[in-house]
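Worksheet: one structure, shown below.
The values are calculated or read from the model by the stated rules, or taken from the named source; none is laboratory data. These numbers were taken from a predicted model, which means no experiment stands behind them. Counting neighbours? That spans all protein chains shown, and the Cβs are built from the backbone with ideal geometry, glycine included. With ligands, DNA and RNA removed, areas are computed over all heavy atoms of the protein, side chains included. Shrake-Rupley method; radii C 1.70, N 1.55, O 1.52, S 1.80 Å.
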Amino acid sequence: AGGGAILSRLPLRDCARSRSEVGWFPALAATIEGPLGAVRVIAVHLRPARSGVEVIADLAALPEAHRREVRAHIARLADSSTPTILAGDWNEGDGEGALNELASRGYASALARHSPSATTWRWPLGLMMVEKRLDHVMYDPDVLRCVSASVSHTGRSDHYPVVAPIAQPAPPP
């Protein structure tokens, strides 16, 4: 639980790690040199909600904790001269803390644009299955173009893999 990695067929450089501002999972970053030029990839796993007696209060505090986490990760790991993709387990749905922070900085959500009803997480709760989109791929649409986005409903994890091919933006007409 809580593992993270950046896997690439292309060489990675400038690899780094950023501790969590709220004491949970670190973020990982690397620059990938490929057909798009240099692209910075930041893999995140933001703090999950705690269970127990204080779950309601914790859920209310989570959006601000996620904003703090993503701000710190960007400050430590991003490079303003390199296009950046942030991806991973955000432990929040669309329109919440960290995703709102990134949207205010101009980032777009691959799944929200291409598969708005896709879910990435499931958990059995008695006789029913709870599903939500907690995993996201965020990118700067001014310098990168997401060709498509989908969720691969495979594997034994409670989270499904997200596939989001990224390309250069189309040249203006």
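Looking only at residues that are among the hydroxyl-bearing types (Ser, Thr, Tyr) and not in a strand (DSSP E or B) in the stretch 1-49, which one is modelled with the highest pLDDT? Among those that are among the hydroxyl-bearing types (Ser, Thr, Tyr) and not in a strand (DSSP E or B), it is Ser8. Each residue in the stretch 52-93 was checked for being part of a loop (DSSP other than H, G, I, E, B), touching a helix residue (DSSP H, G or I) at 6+ places or on another chain (Cβ under 8 Å) and open to solvent by 40 Å² or more (accessible area, probe 1.4 Å), and 0 of them qualify. Against the list (1) surrounded by 15 or more Cβ atoms within 10 Å (Cβ to Cβ); (2) touching a residue at least 40 places away in the same chain (Cβ under 8 Å), the condition Ala167 fails is (1).
So, in the stretch 23-44, how many residues would count as being closer than 21 Å to Ala72 by Cα and either open to solvent by 60 Å² or more (accessible area, probe 1.4 Å) or more than 17 Å from the chain's Cα centre (by Cα) (or both)? Give the derivation first.
As a first pass, look at the stretch 23-44 and keep what is closer than 21 Å to Ala72 by Cα: 23-31, 39-44.
Add one more test, that the residue is either open to solvent by 60 Å² or more (accessible area, probe 1.4 Å) or more than 17 Å from the chain's Cα centre (by Cα) (or both), and what stays is 23-24.
Of the residues in that region, 2 qualify.
Of everything in the stretch 144-163 that is over 15 Å from the mean Cα position of the chain (by Cα) and surrounded by 15 or more Cβ atoms within 10 Å (Cβ to Cβ), the residue that is nearest to Asp79 (Cα to Cα) is Leu144. Against the conditions (1) free of Cβ contacts under 8 Å to residues at least 40 places away in the same chain; (2) open to solvent by 30 Å² or more (accessible area, probe 1.4 Å); (3) not small (Gly, Ala, Ser), His114 satisfies every one except (1).
Condition first: among the small types (Gly, Ala, Ser), open to solvent by less than 40 Å² (accessible area, probe 1.4 Å) and assigned to a loop (DSSP other than H, G, I, E, B). Can you find one or more residues in the stretch 120-143 that meet it? So that I can check it myself, show each step before the final result.
Let us first name the residues in the stretch 120-143 that are among the small types (Gly, Ala, Ser), namely 126.
Applying the additional criterion that residues be open to solvent by less than 40 Å² (accessible area, probe 1.4 Å) yields none.
No, there is no match, as no residue in the stretch 120-143 is among the small types (Gly, Ala, Ser), open to solvent by less than 40 Å² (accessible area, probe 1.4 Å) and assigned to a loop (DSSP other than H, G, I, E, B).
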